[in-house]
1. Please indicate, with yes or no, whether at least one residue in the range 112-119 is open to solvent by 30 Å² or more (accessible area, probe 1.4 Å), in the same structural domain as Asn69 (by TED's automatic domain parsing) and more than 16 Å from the ligand (Cβ to nearest atom).
2. Could we say that Phe301 is modelled with pLDDT of 95 or more, over 27 Å from the mean Cα position of the chain (by Cα) and over 25 Å from Gly251 (Cα atoms) here?
3. What number of residues within the range 53-105 are small (Gly, Ala, Ser) and closer than 30 Å to Asn132 by Cβ?
4. Does any residue in the range 93-106 that is of a type in the set (S, T, N, Q) come within less than 9 Å, Cβ to Cβ, of a residue that is away from the ligand (no atom under 16 Å from the Cβ) six or more places away or on a different chain, and which pairs are these?
5. Going through the range 46-73 one residue at a time, which ones are touching a helix residue (DSSP H, G or I) at 6+ places or on another chain (Cβ under 7 Å) and not in a helix (DSSP H, G or I)?
6. I need a count of the residues in the range 75-86 that are more than 11 Å from the ligand (Cβ to nearest atom) and surrounded by 20 or more Cβ atoms within 10 Å (Cβ to Cβ).
7. Ile367 - would you say it is of a type in the set (A, V, I, L, M, F, W, C), touching a residue at least 12 places away in the same chain (Cβ under 8 Å) and over 28 Å from Thr215 (Cβ atoms)?
8. If we keep just the residues of the range 87-110 that are open to solvent by 10 Å² or more (accessible area, probe 1.4 Å) and farther than 22 Å from Phe143 by Cα, which is farthest from the ligand (Cβ to nearest atom)?
Amino acid sequence: MKSLETISVHTAKAGERTIQPKVMPVFQTSAFSFSSLEEMEGYYEGNGTYLYSRTANPNTDALGQTVANLEGAPKGVAASSGMAAILAGILSVVQTGDHVLAAEDVYGGTFLLLKEELLRMGIHVHFADFSNASEIEQHVTDFLEIKLIISESITNPFLRLEDIEGLSRLKDQYGLTLMIDNTFATPYTIKPYALGADLVVHSATKYLGGHGDVTAGALVGRADLITIAESRITNLGMNLSPHEAWLTVRGIKTLVLRMKAQTENARAIADFLKDKARVWYPGKGAIVTFELPEHVDVYRFFKSLGWIQIVPTLAGVETTVSYPYSTSHRALSEEEKQKIGVTKQTVRLSAGIEGTQDILDQLAAAIK
Ligand SMILES: *Cc1c(COP(=O)(O)O)cnc(C)c1O
């Protein structure tokens, strides 16, 4: 009989390699073993097995490929967060000395990544008003070092719908690469790859995961770029954990059901609010932004929302509200806030899957 020391280390591996689970299990392992040296050498010759989870893991591969399939793109890769996926996308295209052109209303985290981190790597960033096509073209023709254009399919918090086809024509004309953050829309609402984007990125923390219990990212698109992005993720340690990948894949199974219900609720909320506040709702997606009239005390409004929680994120199955003025857009100066239109009366609501009338009743009570 072996010692307790040995038994406790070499735990039983019941049924391994013979059972067929209905759903993919979590491969919660940092590395993979081989039954022979030949098999291990086969890995290096590209026979498709696994070696080390930072490089590749079945769960993270399943997430990357599932998001690629949803977006209609040939290849995808998972990353440890939306930010990691965005960085991997950027670094699959540009290097020191190159320039990037981004929409001035990109997500706050993306803005900081571009402004603070890329600059430190010697990558220059330009911001432009992407609602103005001639301003974009002006930048592209003025700065020939621009290699990559970054925008979002639906922007935050005023839900501007990006003209992805227009950007795509422009990038083709000038031989650039286009990356679209599709977090707010999801492939249920918009498919940027089919509209000409080279790379599509997600904070899977939001609608793909959908339950507010994971931080994860995914990058999909042109196979040649995704192959480079995979190396960036491996080399910079931006890989997602197998368990988080597994949870995200599980969440994706109900993506369409959730998006249907959340979009319907968002429509009803936008409709209900339109004679009570100034409302932004582009007719797509599940976020509604509104500006309460001056006579409504915003602090009291937030206190009166009952079961609608105040959460500075979005996309869960629960209806939540956030306050851009002092959270997502806090870092902006008063002037910058004014320029994009964020005021002390601006509220961003993320519609959940609850009963529509219950949400409307709760909002009505709060406004009263
Ligand atoms: C949340 C978010 C991100 C960042 O994603 P993380 O998962 O928090 O890293 C990027 N883009 C958009 C549009 C987001 O909403």
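1. Going through the range 112-119, the residues open to solvent by 30 Å² or more (accessible area, probe 1.4 Å) turn out to be 112, 115-117, 119.
Then keep just the ones that are in the same structural domain as Asn69 (by TED's automatic domain parsing); that gives 112, 115-117, 119.
Filter once more, so that each one left must be more than 16 Å from the ligand (Cβ to nearest atom): 119.
Checking the range 112-119: at least one residue is open to solvent by 30 Å² or more (accessible area, probe 1.4 Å), in the same structural domain as Asn69 (by TED's automatic domain parsing) and more than 16 Å from the ligand (Cβ to nearest atom).
2. Details: modelled with pLDDT of 95 or more: no; over 27 Å from the mean Cα position of the chain (by Cα): yes; over 25 Å from Gly251 (Cα atoms): yes.
So Phe301 does not fit the description; no.
3. Kept after step one, since they are small (Gly, Ala, Ser), are these residues of the range 53-105: 53, 56, 62, 64, 68, 72-73, 76, 78-82, 84-85, 88-89, 92, 97, 102-103.
Then keep just the ones that are closer than 30 Å to Asn132 by Cβ; that gives 72-73, 82, 85, 88-89, 92, 97, 102-103.
Total satisfying the criteria: 10.
4. Gln95/Met121; Gln95/Gly122; Gln95/Ile123; Gln95/Lys147; Thr96/Met121; Thr96/Gly122; Thr96/Ile123
5. Start the filter on the range 46-73 by keeping residues that are touching a helix residue (DSSP H, G or I) at 6+ places or on another chain (Cβ under 7 Å), which leaves 49-51, 53-55, 57, 59-60, 62-63, 66, 70-71.
If the condition is that a residue be touching a helix residue (DSSP H, G or I) at 6+ places or on another chain (Cβ under 7 Å) and not in a helix (DSSP H, G or I), then Thr49, Tyr50, Leu51, Ser53, Arg54, Thr55, Asn57 are the ones that fit.
6. Of all residues in the range 75-86, those more than 11 Å from the ligand (Cβ to nearest atom) come to 75-78.
With surrounded by 20 or more Cβ atoms within 10 Å (Cβ to Cβ) added as a condition, the list becomes 76-78.
Total satisfying the criteria: 3.
7. Numbers: of a type in the set (A, V, I, L, M, F, W, C): yes; touching a residue at least 12 places away in the same chain (Cβ under 8 Å): yes; over 28 Å from Thr215 (Cβ atoms): yes.
Yes: the conditions hold for Ile367.
8. Gly108
The values are calculated or read from the model by the stated rules, or taken from the named source; none is laboratory data. Since the model is a prediction, treat every value here as computed from it, not as a measurement. Cβ sites come from the backbone with ideal geometry, for glycine too, and all protein chains shown count toward neighbours. Ligands, DNA and RNA are stripped out before the accessible areas are found, and what is left, the full protein with its side chains, is counted by its heavy atoms. Shrake-Rupley method; radii C 1.70, N 1.55, O 1.52, S 1.80 Å.
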